[in-house]
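One structure is given below, encoded as structure tokens.
The values are calculated or read from the model by the stated rules, or taken from the named source; none is laboratory data. The shown structure was predicted, so the numbers you read here are calculated from the model rather than taken from an experiment. Methodologically, a virtual Cβ is constructed for each residue, glycine included, from the backbone with ideal geometry; neighbour enumeration extends over all protein chains shown.
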Amino acid sequence: MTEKLLKIEDLRTYFSTEEGVVRAVDGISFDLEPGERRGVVGESGSGKSVTAMSIMRLIEPPAGEIVTGTIEFKGENLLELGEDEMQAIRGGKIAMIFQDPMTALNPVYTIGDQLVETIMLHQHVSKKDARGIAIKALEDVQIPNAPARLEDYPHQFSGGMRQRVMIAMGLSCNPDLLIADEPTTALDVTTQAQIMDLMLKLAEDRGTAVLLITHDLGVVAGFCDTIQVMYAGGIVEEGSVEDIFHNPQHPYTWGLLGSMTRLDGKHRARLHSIAGAPPSVIDLPVGCRFRPRCEFAIDICGRVLPAIRPIGEGDQSVACHRAEELDLKTLDVDVDHTKEVAS
Amino acid sequence: MLAYITRRLVYGLVTLLALSVIVFTLLQASGGGPLDRLKLNPRMQPFIQQLTEQWGLDQPVWKQYTTWLKNYVSVQEFAVHNAIPIIAIVGAAVATFLIVKFVRSQWTGTYLLGIWSVALYLALRNVTIRFNWGISFQGAGDVWDLVFSRTGATFRLGFTALAIALIIGIPLGIYQAIRQYSFFDQLGTIGAFLAFSTPIFIIGVGLQIVMALYLERWTGVKLFYVAGMNSPGYPDMSIVGKIADTAQHLTLPAISIALISLAGYARFQRASMLEVLHSDYLRTAKAKGLPRRKVVIKHALRNAMIPIVTLVSLDVAFMIGGAIITESIFGWPGVGRLYITAIGTVDYPVVMAIVMVIGIGIVVMNLVADILYGVMDPRVRYD
């Protein structure tokens, strides 16, 4: 087996607020192979973005703090690096693109300024060469008339174009890992599909590993190799896209799949919905965190927090006491979502 | 851009006209004719005659107003000393035309502002111009001379105060935002609150008592003066002595004016900086791997300065009118003190002249603020 690109172990990131300690990420572990594209799926507040911000070490003390855990990137624990070393990794080896392209670019500098700045920061090239790289980067993300558009300001671009600029900026220094935090959520559906196709093509061509954070399972299906499903600060299930979509083992994953709209003509009477709301991450329930909303909960679920453990023959893991006895795929929510388009 | 500026100037003219009508009416309504005090002095009879004729005081109010307006805008004396003004104005006009026609840049506004400032400065240096603002009702002489003999003092005080407020207030606000909720931030907040809510006459008198009176008593050295712009012996002093004497007189009134502006700038800058610090694009800048210093200086500061431009520009406009209360407390021979005296004696040529000068200042500075705004924020376009 090749060396892992990213290896996270028992990561806990807490925020202190006036109401109490928010356990935004509470003991998650996962690996990423070089070139792997992994989807991080979950509802708002499940800890997806905090995971990403923790990897980038952009959690701002004193409010937020990485309490324990290791984040090993190419064999190096990021949490032990000094700020200078971390700056070389940010934007250089690990790049990040954000949800809202309308506000993620600085309005008072031209696109060229912002691209060239990033390139010169991580690659030791002259301003002229950096400009050349910037033009190439814009052409790679299919922005027409790239040399002229370098002189434009962010407000002169549409939302989709701005997200392309963000992607160009992220990939301009050939990072090993690209973290995309809901990159298409703020865009309309046709633009979403274009951006995802573009990202897929670029990531495949360069062998860039991608951590795609989203709440949209349809986006994951077409883009990722593996999925991890997060709930209330923990990973409840992970595995390959095929396993998760065809053979969900956790009732929460099963519920999420059931709540997707379908475009292949197999109409269900109505969309499935998961009753209730996610628990407050300040005051987590004892035992399984999904128990209050779980249709299959039994006595033990209210007492013991299930650990994540391998299940089946593949790489699938699940954090559910009843995973073996429940045969979720035979239940109403049916299979083959893998070819679905973003909904 | 040019169309926008022209439009704004026309609006400004309308505003000024409305301002003059309102202030003129209010002065008429204030009771007590302007000449009542003069009438007590029998020797003033011919002077009263002259004033009545000049201002049409025996006419109805609207007629008095039109007489005033006609006088106010008519040129009494105009002489061009050499060719420089013509060259400057024509040059600026040609440059404006060329820039608007051929340069498409966000800096257009700055270029125009700079070119016209220099051109107008050169032109005014080389012409003599006087408007017919009439003579003061209180026998203080020609109003034009009266007002412009005071502007030097007012500008000296105003610009010093503004400089203090900017140099301390802006960095203070930025620092407070970066170290939000630190001890220093809390201290700054309390200080700003106190400075902002203490009336200027308490600050002024307080400074006089503590910094001038008590300090001299304790140290035995006269560090600051409580009144006046220079000592009587000023003309005979050495250059160092002159500078020291000026500073000793200037410090206390400048501080008492600066404190309120300073507190305002610090609060405003802190709020605007905090907003920027929490913005998405700042997170992007950090995620790019920029060092923290560069994130703050390059990406945060420029955005956070944009709203301050308007605030400072308007302060400059108000400064032109002088600090009425501070000038009175510190016996500063500026426009503000002239203004308050003129109001007390219903000396309406003087009052109107000063009100209109302030009005023109505000209109012009508003326009300047808008142009600067467009320069700093590329999203703002004036078409």
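For segment B:73-104, what are the residues that are under 30 Å from the mean Cα position of the chain (by Cα) and not hydrophobic (A, V, I, L, M, F, W, C)?
Those that are under 30 Å from the mean Cα position of the chain (by Cα) and not hydrophobic (A, V, I, L, M, F, W, C): B:74, B:76, B:77, B:81, B:85, B:91, B:96.
Within the group A:167, A:179, A:119, A:133, which residue is in contact (Cβ under 8 Å) with a residue 60 or more places away in the chain, in a helix (DSSP H, G or I) and either away from chain B (no Cβ under 13 Å) or closer than 24 Å to residue A:89 by Cβ (or both)?
Details: A:179 fails: in a helix (DSSP H, G or I); A:119 fails: in contact (Cβ under 8 Å) with a residue 60 or more places away in the chain; A:133 fails: in contact (Cβ under 8 Å) with a residue 60 or more places away in the chain.
The conditions single out A:167.
Within segment A:56-68, is even one residue hydrophobic (A, V, I, L, M, F, W, C), within 14 Å of another protein chain (Cβ to nearest Cβ) and closer than 18 Å to residue A:170 by Cβ? Write out each step before concluding.
Step one: filter segment A:56-68 for residues hydrophobic (A, V, I, L, M, F, W, C), giving A:56, A:58-59, A:63, A:66-67.
Narrowing the set further to residues that are within 14 Å of another protein chain (Cβ to nearest Cβ) leaves A:56, A:58-59, A:63.
Now drop any that are not closer than 18 Å to residue A:170 by Cβ, which leaves A:56, A:58.
Looking through segment A:56-68, at least one residue is hydrophobic (A, V, I, L, M, F, W, C), within 14 Å of another protein chain (Cβ to nearest Cβ) and closer than 18 Å to residue A:170 by Cβ.
Could you check, for segment A:145-156, whether at least one of its residues is crowded, with 23+ Cβ neighbours inside 10 Å and within 17 Å of residue B:282 (Cα to Cα)? Give the derivation first.
Looking only at segment A:145-156, we keep the residues that are crowded, with 23+ Cβ neighbours inside 10 Å, and these are A:154.
Checking which are within 17 Å of residue B:282 (Cα to Cα) leaves us with A:154.
Yes; the residues of segment A:145-156 include at least one that is crowded, with 23+ Cβ neighbours inside 10 Å and within 17 Å of residue B:282 (Cα to Cα).
Quick one: residue A:64 ticks every box in (1) small (Gly, Ala, Ser); (2) within 17 Å of the chain's Cα centre (by Cα); (3) more than 15 Å from residue A:93 (Cα to Cα) bar one, so which box is it?
(2)
So, in segment B:215-237, how many residues would count as being closer than 25 Å to residue B:165 by Cβ and assigned to a helix (DSSP H, G or I)?
So the answer is 1.
What residue, of A:140, A:243, is more than 14 Å from chain B (Cβ to nearest Cβ), under 18 Å from residue A:32 (Cβ atoms) and at pLDDT below 95? So that I can check it myself, show each step before the final result.
Numbers: A:140 fails: under 18 Å from residue A:32 (Cβ atoms).
Just a single option satisfies the conditions, and that option is A:243.
Can you tell me which residue among B:277, B:223, B:252, B:282 is more than 14 Å from chain A (Cβ to nearest Cβ) and either modelled with pLDDT of 95 or more or buried (at least 16 other Cβ atoms within 10 Å of the Cβ) (or both)? Walk me through it before giving the result.
Working: B:277 fails: more than 14 Å from chain A (Cβ to nearest Cβ); B:223 fails: either modelled with pLDDT of 95 or more or buried (at least 16 other Cβ atoms within 10 Å of the Cβ) (or both); B:282 fails: more than 14 Å from chain A (Cβ to nearest Cβ).
Being more than 14 Å from chain A (Cβ to nearest Cβ) and either modelled with pLDDT of 95 or more or buried (at least 16 other Cβ atoms within 10 Å of the Cβ) (or both) holds for just one of B:277, B:223, B:252, B:282, which is B:252.
Name every residue in segment B:139-153 that is part of a helix (DSSP H, G or I) and within 15 Å of residue B:129 (Cβ to Cβ), in order of residue number. Break it down stepwise before answering.
We begin by selecting, within segment B:139-153, every residue part of a helix (DSSP H, G or I); these are B:143-153.
Once the filter is applied, which keeps residues that are part of a helix (DSSP H, G or I) and within 15 Å of residue B:129 (Cβ to Cβ), segment B:139-153 yields B:143, B:144, B:145, B:147, B:148, B:151.
Given the residues B:304, B:287, B:300, which is the only one that is more than 23 Å from residue B:200 (Cα to Cα), within 14 Å of chain A (Cβ to nearest Cβ) and in contact with a strand residue (DSSP E or B) (Cβ under 7 Å, 6 or more places away or on another chain)? Working first, answer last.
Working: B:304 fails: in contact with a strand residue (DSSP E or B) (Cβ under 7 Å, 6 or more places away or on another chain); B:300 fails: in contact with a strand residue (DSSP E or B) (Cβ under 7 Å, 6 or more places away or on another chain).
Checking each option against the conditions leaves just B:287.
Could you tell me whether residue B:294 is at the interface with another protein chain (Cβ under 8 Å from one of its Cβ atoms), over 29 Å from the mean Cα position of the chain (by Cα) and under 15 Å from residue A:118 (Cα atoms)?
Values: at the interface with another protein chain (Cβ under 8 Å from one of its Cβ atoms): no; over 29 Å from the mean Cα position of the chain (by Cα): yes; under 15 Å from residue A:118 (Cα atoms): yes.
Judged against the criteria, residue B:294 is not a match.
Output the number of residues of segment A:85-109 satisfying the condition of being in a loop (DSSP other than H, G, I, E, B), facing chain B (nearest Cβ under 7 Å) and in contact (Cβ under 8 Å) with a residue 12 or more places away in the chain. First the steps, then the outcome.
Our first condition is that a residue be in a loop (DSSP other than H, G, I, E, B); within segment A:85-109, this holds for A:91-93, A:98-109.
Now narrow it down to the ones that are facing chain B (nearest Cβ under 7 Å): A:91-92, A:98, A:100, A:103-108.
Adding the requirement that they be in contact (Cβ under 8 Å) with a residue 12 or more places away in the chain leaves A:91-92, A:98, A:100, A:104-108.
Summing the residues that are in a loop (DSSP other than H, G, I, E, B), facing chain B (nearest Cβ under 7 Å) and in contact (Cβ under 8 Å) with a residue 12 or more places away in the chain in segment A:85-109 gives 9.
Return yes when residue B:322 is within 14 Å of chain A (Cβ to nearest Cβ) and at positive phi and no when it is not.
Working: within 14 Å of chain A (Cβ to nearest Cβ): no; at positive phi: yes.
So residue B:322 does not fit the description; no.
Does segment B:331-342 contain at least one residue that is β-branched (Val, Ile, Thr) and over 20 Å from residue B:160 (Cα atoms)? Spell out how you get there, then give the answer.
As a first pass, look at segment B:331-342 and keep what is β-branched (Val, Ile, Thr): B:335, B:340-341.
Narrowing the set further to residues that are over 20 Å from residue B:160 (Cα atoms) leaves B:340-341.
So far as segment B:331-342 goes, yes, one or more of its residues are β-branched (Val, Ile, Thr) and over 20 Å from residue B:160 (Cα atoms).
Spot the failing condition for residue B:301; the list is (1) in a helix (DSSP H, G or I); (2) modelled with pLDDT of 90 or more; (3) of a type in the set (A, V, I, L, M, F, W, C); (4) buried (at least 19 other Cβ atoms within 10 Å of the Cβ), and only one is missed.
For residue B:301, the failing item is (4).
Only one residue in B:196, B:184 is modelled with pLDDT under 90 and either more than 22 Å from the chain's Cα centre (by Cα) or more than 18 Å from residue B:337 (Cα to Cα) (or both). Which one? Let's see the steps before the verdict.
On the way: B:184 fails: modelled with pLDDT under 90.
Just a single option satisfies the conditions, and that option is B:196.
Exactly one of these conditions fails for residue A:76: (1) within 13 Å of another protein chain (Cβ to nearest Cβ); (2) surrounded by fewer than 18 Cβ atoms within 10 Å (Cβ to Cβ); (3) without any contact (Cβ under 8 Å) to a residue 40 or more places away in the chain. Give me its number.
The failed condition is (1).
Considering each of A:10, A:26, A:31 in turn, give the residue that is part of a strand (DSSP E or B), charged (D, E, K, R) and on the phi > 0 side of the Ramachandran plot. Walk me through how you get there before you give the answer.
Values: A:26 fails: on the phi > 0 side of the Ramachandran plot; A:31 fails: on the phi > 0 side of the Ramachandran plot.
Only one candidate passes the filter, namely A:10.
Please specify each residue of segment B:165-183 satisfying the condition of being outside any helix (DSSP H, G or I) and touching a residue at least 24 places away in the same chain (Cβ under 8 Å).
B:180
Quick grid of which residues meet (1) closer than 30 Å to residue B:330 by Cβ; (2) not in a helix (DSSP H, G or I):
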{"position": "B:70", "(1), (2)": "no, no"}
{"position": "B:76", "(1), (2)": "no, yes"}
{"position": "B:95", "(1), (2)": "no, no"}
{"position": "B:98", "(1), (2)": "no, no"}
{"position": "B:129", "(1), (2)": "no, yes"}
{"position": "B:137", "(1), (2)": "yes, yes"}
{"position": "B:155", "(1), (2)": "yes, no"}
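Could you list all residues from segment B:366-383 that are more than 14 Å from chain A (Cβ to nearest Cβ) and surrounded by fewer than 21 Cβ atoms within 10 Å (Cβ to Cβ)?
Restricting attention to segment B:366-383, the residues satisfying the condition of being more than 14 Å from chain A (Cβ to nearest Cβ) are B:366-371, B:382-383.
Passing the criteria: B:366, B:367, B:368, B:369, B:370, B:382, B:383.
Looking at (1) aliphatic (A, V, I, L, M); (2) at pLDDT below 85; (3) not in a helix (DSSP H, G or I), which one does residue B:3 not meet, given that it meets all the others?
Of everything listed in (1) aliphatic (A, V, I, L, M); (2) at pLDDT below 85; (3) not in a helix (DSSP H, G or I), residue B:3 misses just condition (3).
Within segment B:189-214, how many residues are out of contact with any Leu (no Cβ under 7 Å at 6 or more places or on another chain) and not in a loop (DSSP other than H, G, I, E, B)?
First, the residues of segment B:189-214 that are out of contact with any Leu (no Cβ under 7 Å at 6 or more places or on another chain): B:189-194, B:196-202, B:204-206, B:209-210, B:213-214.
If we keep only those that are not in a loop (DSSP other than H, G, I, E, B) as well, we get B:189-194, B:196-197, B:200-202, B:204-206, B:209-210, B:213-214.
Of the residues in segment B:189-214, 18 are out of contact with any Leu (no Cβ under 7 Å at 6 or more places or on another chain) and not in a loop (DSSP other than H, G, I, E, B).
When you go through (1) more than 13 Å from chain A (Cβ to nearest Cβ); (2) closer than 30 Å to residue A:90 by Cβ one by one for residue B:310, which number turns out not to apply?
(2)
Among the residues of segment A:275-304, which ones are hydrophobic (A, V, I, L, M, F, W, C) and free of Cβ contacts under 8 Å to residues at least 40 places away in the same chain? Before you say what the answer is, go through the steps one by one.
Restricting attention to segment A:275-304, the residues satisfying the condition of being hydrophobic (A, V, I, L, M, F, W, C) are A:275, A:277, A:281-282, A:284, A:286, A:288, A:290, A:294, A:296-298, A:300-301, A:304.
The answer is A:275, A:277, A:286, A:288, A:297, A:298, A:300, A:301, A:304.
Would segment A:39-55 turn up any residue that is facing chain B (nearest Cβ under 9 Å), touching a strand residue (DSSP E or B) at 6+ places or on another chain (Cβ under 9 Å), within 21 Å of residue A:182 (Cβ to Cβ) and not basic (Lys, Arg)?
The first filter runs over segment A:39-55 and keeps only residues facing chain B (nearest Cβ under 9 Å), leaving A:53.
Among the residues that remain, those that are also touching a strand residue (DSSP E or B) at 6+ places or on another chain (Cβ under 9 Å) are: A:53.
Still in the running and within 21 Å of residue A:182 (Cβ to Cβ): A:53.
Right, trim to not basic (Lys, Arg) and you get A:53.
So far as segment A:39-55 goes, yes, one or more of its residues are facing chain B (nearest Cβ under 9 Å), touching a strand residue (DSSP E or B) at 6+ places or on another chain (Cβ under 9 Å), within 21 Å of residue A:182 (Cβ to Cβ) and not basic (Lys, Arg).
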